[in-house]
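The values are calculated or read from the model by the stated rules, or taken from the named source; none is laboratory data. All figures in this text were calculated on a predicted structure; none of them were measured in a lab. As a convention, Cβ positions derive from the backbone with ideal geometry for all residues, glycine included, and neighbour counts pool all protein chains shown. We work out accessible area using only protein heavy atoms, side chains counted, and drop any ligands, DNA or RNA first. Shrake-Rupley method; radii C 1.70, N 1.55, O 1.52, S 1.80 Å.
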Amino acid sequence: MNDILDKLAATLEARKGANPETSYVARLYAQGLDAILKKVGEEAAETLIAAKGGERGQLVYEVADLWFHTLVLLASQGLGPRDVLAELARREGVSGIVEKASRRES
Ligand SMILES: N=c1c2ncn([C@@H]3O[C@H](COP(=O)(O)OP(=O)(O)OP(=O)(O)O)[C@@H](O)[C@H]3O)c2ncn1[C@@H]1O[C@H](COP(=O)(O)O)[C@@H](O)[C@H]1O
């Protein structure tokens, strides 16, 4: 399942030297962080609308757009999906309720 994430991450890295005329990703990089953040925000909003609309296929489509743009954001910051997967792995098995309570104690 991570194959596609690794492949996409490699493509996003390679696009750092690509032509913004021919590459959507290179265009986003060239537009800068605020433009990438704007797309992440838009895709998050479209995900909310899709979820409220109740059409499962549309929700998957919008979440794919959201994940894609967050991967562009990570790449722009020198990060990648493996960093996020490592964080999720670190959290694995720790209940959110327990984790939140431990934050209050410290
Ligand atoms: N997975 C994606 C992917 N998902 C979504 N998108 C693009 O993200 C944009 C989403 O924008 P919106 O949904 O807001 O639609 P829009 O209104 O057309 O967009 P805007 O005019 O608002 O920018 C569209 O242009 C989609 O085509 C993607 N573009 C590229 N990829 C991957 O990135 C690779 C590199 O792409 P290029 O850099 O373009 O070669 C591709 O081979 C794909 O694997």
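Summary of computed values
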| item | result |
| --- | --- |
| Cβ-Cβ under 9 Å pairs, at least 6 apart or on other chains, the stretch 1-25 side open to solvent by 80 Å² or more (accessible area, probe 1.4 Å), far side among the small types (Gly, Ala, Ser) | Glu13/Ala75; Glu13/Gly80; Arg15/Ser23; Arg15/Ala26; Arg15/Ala75; Lys16/Ala26; Lys16/Ala75; Lys16/Ser76 |
| Scope the stretch 38-63; condition part of a helix (DSSP H, G or I) and away from the ligand (no atom under 13 Å from the Cβ); matching residues | Leu48, Ala51, Lys52, Gly53, Arg56, Gly57, Leu59 |
| The stretch 14-25, residues that are within 11 Å of the ligand (Cβ to nearest atom) and either out of contact with any Phe, Trp or Tyr (no Cβ under 8 Å at 6 or more places or on another chain) or not basic (Lys, Arg) (or both) | Ala14, Ala18, Asn19, Pro20, Glu21, Thr22, Ser23, Tyr24, Val25 |
| Scope the stretch 64-98; condition of a type outside the set (D, E, K, R), in a helix (DSSP H, G or I) and farther than 16 Å from Ile36 by Cα; matching residues | Pro81, Val84, Leu85, Ala86, Leu88, Ala89, Gly96, Ile97, Val98 |
| Which listed residue, of Ala89, Ala75, is of a type in the set (A, V, I, L, M) and without any contact (Cβ under 8 Å) to a residue 24 or more places away in the chain | Ala89 |
| Search result, residues across the stretch 64-91 that are within 11 Å of the ligand (Cβ to nearest atom) and of a type in the set (D, E, K, R) | Asp65 |
